[in-house]
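Below is one structure, written out as structure tokens; the observations come after it.
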Amino acid sequence: MDAGFTAEPREILVRAPNWAGDVVMATPGLRALRAGFSKARIRVVIRRELAPLLAGSPRVDEVIPLRSDRAGLVARLREAQSLRSRRFDLGLCLPDSFSSALSMRVAGARRIVGYDRNARRLLLDQAVLLPRGGEGGRVMLPRELHVLGLVEAVGCPSLGTGLELFVTQDEERACTQRLAACGIDADAPLALLAPGASFGPSKLWPAERFALVGEALAAAGAHVLVVGAPAEGPLARRVVNAMKAPAHDLTGDLGLGGLKALVRRSRVLVCNDAGARHVAAAFGVACVMLLGPTSLEKTSLNLERVRVLTAEVACRPCYLRTCPIDHRCMTWIAPERAIEAALPALAGRAVA
Ligand code: SF4
């Protein structure tokens, strides 16, 4: 245990990351925290729409959905203040933002731990240094190791970097009912297309190409389902409408809880670089990922069942949300490559 603790903390507050993929990549850290502080009550405060990702996890005693995550700072601090009565012994700030550390301070955690970033050293009781690389630059850690670094700093050793998600009975039931409404048997082979990405249009492979992959998967015997956030409904409908084979648009129907259950029983997921791919990795489901303007620098772990398709273009990775040129990093990825990568997974063979 870290020398800063005189006793094992009994009440722990964890501020979760703000993106779905980052939450999934934080699960090795939660596993280590649970094992290290087995008698503590671990509560995770998280953006409301992401809360189902942690539902059913035995690593967490309570998931506290944020009501005010889209509101202003004052509303968020007021909500943090409402947690003071819980008397947290330890607050673990997984996001590196100033506001997350400030909220933790307002929530009254006695010992606040986070990375020494974004001018928040005075808000932290234990400011953990990020490893530094050559020429004084920061090392870009995979997100799993980023979180594990904090957890290890409070005295909980890593138990490995494998991702884990859990599905509740309610989530499983909702998934079964939704599939039944589509006329799909519980044990039918499923192929998922996730054509969205909240980052921005630069990450999107064209909808018509997802449709071509969907047609090939349907011709091979799969039931094709298009998944995504409610806001991605129009994009999903473009995919479904472009397909000659039948497909079902489930965007917004299931939420992240239902998505977990659906991904877990699927044979393959075809997607952009977005949160769904991490859900597939957590369940060991084969994934074909179209990777354009970003890189795998922070997401280089847990790729054993992921086939990453890229185009050899000089401008990537650019990390721009909107492409200033002709979007060649995505449009140069031919649909035949994705079809060739995805089809073996339907028969249970590796995609990578
Ligand atoms: S600038 Fe290049 S890498 Fe960036 S989005 Fe456009 S084509 Fe892709």
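The values are calculated or read from the model by the stated rules, or taken from the named source; none is laboratory data. The shown structure was predicted, so the numbers you read here are calculated from the model rather than taken from an experiment. Cβ: placed from backbone, ideal geometry, glycine included. Neighbour counts: every protein chain shown. Accessible surface is based on the protein model in full, side chains and every heavy atom, while ligands, DNA and RNA are left aside. Shrake-Rupley method; radii C 1.70, N 1.55, O 1.52, S 1.80 Å.
Evaluating 6.51 cos²θ - 1.76 cosθ + 1.60 at θ = phi - 60° for every residue in region 291-297, the Karplus couplings come out as 10, x, x, 10, 10, 9, 3 Hz, glycine and proline recorded as x. Per-residue surface analysis assigns Asp326 an accessible area of about 80 Å², computed on protein heavy atoms at 1.4 Å probe radius. Helix 233-242 and the long axis of the chain differ in direction by around 20°, with both axes built from C-alpha atoms.
Mind checking region 75-169 for trypsin sites (Lys or Arg not before Pro) that DSSP puts in a loop (not H, G, I, E or B) and that have at most 14 other Cβ atoms within 10 Å? Please report the intermediate quantities before stating the final value.
Details: sites: Arg76, Arg78, Arg84, Arg86, Arg87, Arg105, Arg110, Arg111, Arg117, Arg120, Arg121, Arg132, Arg138, Arg143; in loops: Arg87, Arg110, Arg117, Arg120.
When the trypsin sites (Lys or Arg not before Pro) of region 75-169 are filtered for loop state and at most 14 Cβ neighbours within 10 Å, Arg87, Arg110 remain.
Most simply put, the chain has about 0% antiparallel DSSP beta bridges, counting only bridges with both residues inside it.
Just by accessible area at a 1.4 angstrom probe, what is the order of Thr322, Thr331, Thr299 from largest to smallest? Don't skip to the end; give the middle numbers.
Numbers: Thr322 95, Thr331 50, Thr299 20 Å².
My answer, sorted largest first, is Thr322, Thr331, Thr299.
A cut-off of 5 Å between modelled amide H atoms, ignoring neighbours fewer than 5 places along the same chain, links Ile112 with Gly91, Asp125, Gln126. Considering only beta bridges that DSSP places wholly inside region 11-153, some 5 percent are antiparallel. Here the ratio of the Cα radius of gyration of region 169-346 to 2.2 N^0.38 Å is 0.97. Between helix 335-346 and the chain there is an angle of about 80 degrees, using the helix long axis and the longest principal axis of the Cα atoms. Considering all different alpha carbon pairs of the chain, the Kirkwood hydrodynamic radius works out to 21.2 Å.
Relative to the longest principal axis of the Cα atoms of the chain, the long axis of helix 255-264 lies at roughly 60 degrees. Relative contact order of region 169-346, taken over Cα pairs closer than 8 Å and 6 or more residues apart, is 25 percent.
Report the trypsin sites (Lys or Arg not before Pro) located in region 164-252 that are in a DSSP loop and have at most 14 other Cβ atoms inside 10 Å of their Cβ, or state none. Write down the numbers at each step before the final one.
Numbers: sites: Arg173, Arg178, Lys203, Arg209, Arg237, Arg238, Lys244; in loops: Lys244.
Here the sparse-neighbourhood loop sites are Lys244.
For region 27-36, 3J(HN,Hα) computed residue by residue from phi via the Karplus equation (6.51, -1.76, 1.60; θ = phi - 60°) reads 5, x, x, 5, 5, 5, 4, 4, 5, x Hz, glycine and proline entered as x. Expressed as a whole percent, the accessible surface of the chain that belongs to carbon and sulfur atoms is 52, based on a 1.4 Å probe.
Report relative contact order for the chain in percent, whole number only (criteria: Cα-Cα under 8 Å, sequence separation at least 6).
Working: 720 pairs, mean separation 55.7, N = 352.
Relative CO of the chain lands at 16 percent.
So what's the net charge close to Ala282: Lys and Arg +1, Asp and Glu -1, counting the other residues with Cβ under 15 Å from its Cβ? Kindly include the intermediate steps, with their values, before the conclusion.
Numbers: positive: Arg31, Arg59, Arg143, Lys260, Arg264, Arg265, Arg277, Arg305; negative: Asp22, Glu144, Glu164, Glu171, Glu304.
Summing Lys/Arg as +1 and Asp/Glu as -1 gives +3.
Residues of the chain: accessible area per residue at 1.4 Å, in Å²?
Values: 15430 Å² over 352 residues.
Value for the chain: 44 Å² per residue.
Scan region 258-347 for GluC sites (Glu not before Pro) in coil per DSSP, keeping those whose Cβ has at most 12 other Cβ atoms within 10 Å, and list them by number.
On the way: sites: Glu297, Glu304, Glu312, Glu336, Glu340; in loops: Glu297, Glu304, Glu312.
Filter output for region 258-347: Glu297, Glu304, Glu312.
Measuring only protein heavy atoms, the 1.4 Å probe finds Ser99 accessible over about 30 Å².
Going by accessible area, probe 1.4 Å, with all protein chains left in place, what is the ranking of Trp205, Trp332, largest first? It would help to have the intermediate numbers written out before the result.
Values: Trp205 5, Trp332 140 Å².
Greatest to least solvent exposure: Trp332, Trp205.
Taking all protein chains as they are arranged and a probe of 1.4 Å, the heavy atoms of Ser97 leave approximately 40 Å² accessible to solvent.
What 222 nm value per residue comes from the helices of the chain, counting each DSSP H run with n ≥ 4 as -39,500 (n - 2.57) and dividing by all residues, nearest 500 deg cm²/dmol? Walk me through the intermediate numbers first.
Working: 12 runs with 115 residues, N = 352.
Rounded to the nearest 500, it is -9500 deg cm²/dmol.
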